[in-house]
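Enquirer: Have a look at the structure that comes next, please.
The values are calculated or read from the model by the stated rules, or taken from the named source; none is laboratory data. None of the values given here were measured: they were computed from a predicted structure. So basically every Cβ, Gly included, is an ideal-geometry build from the backbone, and we count neighbours across all protein chains shown.
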Amino acid sequence: MSVDKNSLLPLYHQVESCIRKDIANKNYLPDQSIPTELELQEKFNVSRETVRKAINNLVFAGLVEKRKGVGTFVTYPKIVHRVGHIYGSYEEIVARGMIPTTIFIEKKEIKPPELMRKEMELEKGASVIKIKRLRLVNKEPVAILSSYLPMDLVPDLARVKFENSSLYHTLEKIYHLTLKESDEIIEAGSITGKDANRLQIEKGSPILVVKRLTYLSDSRVIEKLTALYRSDKFKYQVKLKGRPERSPL
């Protein structure tokens, strides 16, 4: 694979395209280093500035990352959450051939704050179980998930081991609950405190914050979820169809 110096395409763009193709063709695998700047200079017979611009574009696109004193490495592809079905992050990770790991931070019964109680439409005095967990992909932390579920619907959930399964699968198979629909809000946020350390990112780093209420077939709220996703590891995909019958304009 070479560059055409007579082409109208800038040389850095051609170098970038060649490396992109190598990544797409799995010539360079995730967590594997690409050739050094000097090696790329010699391979394509271009300047160091050209190579650096190509690599910087690949970094910006999220295809590679620079590791100080080590080199430039291919990143793992972002985990895509396709809006439209009730998926847990564990299921999405498995579906993409990656290896999820769950580390439980908290599993305890609590009295929900008044705002949460009303949001979950619980009676006064009702208890919920809080399950806070760290989700890793291929041993790298990518998300912190905090779920709150009514205790009367999931008795003894704190004792159930589901490190190697999803919470939703557990609700369906062990408690025989049918998840009907969810209301979900996605917004930008920044990480703080201990959660930044858990995700191994700097405090104040941008994250995706997902807030979800999931309902059973009888319209009861089964889960209130707050999920903090590393923005460099997750992305959301929404498929839109057609134009509305009436435009607001």
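Enquirer: Name the single residue, out of those in the range 65-81 being at pLDDT below 90 and hydrophobic (A, V, I, L, M, F, W, C), that is surrounded by the fewest Cβ atoms within 10 Å (Cβ to Cβ).
Expert: Looking at residues that are at pLDDT below 90 and hydrophobic (A, V, I, L, M, F, W, C), I get VAL80.
Enquirer: Going by the conditions given, is ASP195 without any contact (Cβ under 8 Å) to a residue 40 or more places away in the chain and touching a Leu at 6+ places or on another chain (Cβ under 7 Å)?
Expert: no
Residue-by-condition table, conditions (1) closer than 15 Å to GLY88 by Cβ; (2) not in a strand (DSSP E or B):
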{"residue": "SER182", "(1), (2)": "yes, no"}
{"residue": "ILE185", "(1), (2)": "no, no"}
{"residue": "ALA196", "(1), (2)": "no, yes"}
{"residue": "GLY204", "(1), (2)": "no, yes"}
{"residue": "LEU213", "(1), (2)": "yes, no"}
{"residue": "ILE222", "(1), (2)": "yes, no"}
{"residue": "ASP232", "(1), (2)": "no, yes"}
{"residue": "LYS235", "(1), (2)": "no, no"}
{"residue": "PRO244", "(1), (2)": "no, yes"}
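Enquirer: Next question. Every residue in the range 157-186 that is hydrophobic (A, V, I, L, M, F, W, C), closer than 15 Å to LYS132 by Cα and buried (at least 17 other Cβ atoms within 10 Å of the Cβ), please.
Expert: If the condition is that a residue be hydrophobic (A, V, I, L, M, F, W, C), closer than 15 Å to LYS132 by Cα and buried (at least 17 other Cβ atoms within 10 Å of the Cβ), then LEU157, PHE162, LEU167 are the ones that fit.
Enquirer: With LEU216, LEU225, LEU199 as the choices, which residue is of a type outside the set (D, E, K, R), surrounded by 15 or more Cβ atoms within 10 Å (Cβ to Cβ) and more than 21 Å from MET151 (Cβ to Cβ)?
Expert: The match here is LEU199.
Enquirer: Taking the stated definitions as given, is GLU106 out of contact with any helix residue (DSSP H, G or I) (no Cβ under 7 Å at 6 or more places or on another chain) and assigned to a helix (DSSP H, G or I)?
Expert: Taking the combined requirement at face value, the residue does not satisfy it.
Enquirer: For a quick check of your reading of the model, give me the residue pairs whose first member lies in the range 31-48 and is in contact (Cβ under 8 Å) with a residue 12 or more places away in the chain, whose second is assigned to a loop (DSSP other than H, G, I, E, B), with beta-carbon atoms closer than 6 Å and at least 6 apart or on different chains.
Expert: ILE34/TYR28; PHE44/VAL3
Enquirer: OK, next. Of the residues ILE99, ILE131, ILE144, ILE110, which is among the hydrophobic types (A, V, I, L, M, F, W, C), within 28 Å of ILE201 (Cα to Cα) and surrounded by fewer than 16 Cβ atoms within 10 Å (Cβ to Cβ)?
Expert: Unique residue meeting the criteria: ILE99.
Enquirer: Output the residues belonging to the range 8-61 that are part of a helix (DSSP H, G or I), within 19 Å of LYS78 (Cα to Cα) and acidic (Asp, Glu).
Expert: ASP22
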